[in-house]
1. Does Leu104 meet the test of being under 21 Å from Asn153 (Cβ atoms), among the aliphatic types (A, V, I, L, M), within 12 Å of the chain's Cα centre (by Cα) and assigned by TED's automatic domain parsing to the domain that holds Leu154?
2. Quick one: is Gly125 in contact (Cβ under 8 Å) with a residue 12 or more places away in the chain, assigned to a loop (DSSP other than H, G, I, E, B) and under 29 Å from Asp36 (Cβ atoms)?
3. Determine whether Thr110 is of a type outside the set (Phe, Trp, Tyr) and closer than 18 Å to Tyr26 by Cβ.
4. Scan Arg25, Arg56 and give me the residue that is more than 30 Å from Ala146 (Cα to Cα) and at pLDDT 95 or above.
5. Give the number of residues within segment 52-72 that are under 15 Å from Arg25 (Cβ atoms) and out of contact with any helix residue (DSSP H, G or I) (no Cβ under 9 Å at 6 or more places or on another chain).
Amino acid sequence: MGLRELAGLKEPGGPVVSPGLQQLRYLGLQRNGTIDDNGLFYIQQGLRNLVTLNLRMCFNVTDDGIRHVAGVETLRSLVLYRCKNLTAASIQHLAARTSSLRHLDIGCCTNIDDSALLNTSCGPGLVGLVSLKMMANLITDRGLSALSKALVNLEFLDVSDCKRITKNGIAHDVWPFAEVTSHENAILHVTQAWHHPTAGSDAYAGNR
């Protein structure tokens, strides 16, 4: 269900989420110029069964909004592609508050850098991630090293167009067993990362 024109989410007067939507599992708000942090607060309060939230190119969303989103306990898939106001604080909120997130897209979030990846270990919320998209961000080999230690269940990683990452950094130093399917001038796309030897291969199999 896509609700791109759901401007009422922005209104603080309420009620915002009607009873008929409270069982919603998928919400697509991509390219919605009316959605801001206040609207995401109402999503947290009203959509208790939400599994997938698409905020692609919602330019008014900031770290405060992601703090609200992180409180949706059932959320498994979150798309934040080109949400340009997000910083490392958003990753910290997700790491500290989420419990079931499996798929995260923070591609082209131009303020996401190594400090954001260091925040992946700030809490247990992201350890269950199996898919992470970070294309065209400001991360380096140092950030990937931190990521490899924190996200031990990761199976799919997209760091294409992250031009500060070197081939050696990902293929040799960070994930020696990763399958690197394409690289060009330190632009890498990894489709299958290794399983950390200390992580049980079935640890999250029932929750994917």
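1. Yes, satisfied.
2. Numbers: in contact (Cβ under 8 Å) with a residue 12 or more places away in the chain: yes; assigned to a loop (DSSP other than H, G, I, E, B): no; under 29 Å from Asp36 (Cβ atoms): yes.
Spelling it out, it is not the case that Gly125 is in contact (Cβ under 8 Å) with a residue 12 or more places away in the chain, assigned to a loop (DSSP other than H, G, I, E, B) and under 29 Å from Asp36 (Cβ atoms).
3. Working: of a type outside the set (Phe, Trp, Tyr): yes; closer than 18 Å to Tyr26 by Cβ: no.
Considered against the rule, which asks whether it is of a type outside the set (Phe, Trp, Tyr) and closer than 18 Å to Tyr26 by Cβ, Thr110 comes out as no.
4. Numbers: Arg56 fails: more than 30 Å from Ala146 (Cα to Cα).
Only one candidate passes the filter, namely Arg25.
5. Number of matching residues: 2.
To keep it simple, each residue is scored yes or no on (1) at pLDDT 95 or above; (2) of a type in the set (A, V, I, L, M, F, W, C); (3) assigned by TED's automatic domain parsing to the domain that holds Gly33; (4) touching a Leu at 6+ places or on another chain (Cβ under 6 Å).
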| site | (1), (2), (3), (4) |
| --- | --- |
| Gly65 | yes, no, yes, yes |
| His93 | yes, no, no, no |
| Thr110 | no, no, no, no |
| Ser115 | no, no, no, no |
| Asp158 | no, no, no, no |
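The values are calculated or read from the model by the stated rules, or taken from the named source; none is laboratory data. Source: prediction; values computed, not measured. Note that we place each Cβ from the backbone using ideal geometry, even for glycine, and neighbour counts take in every protein chain shown.
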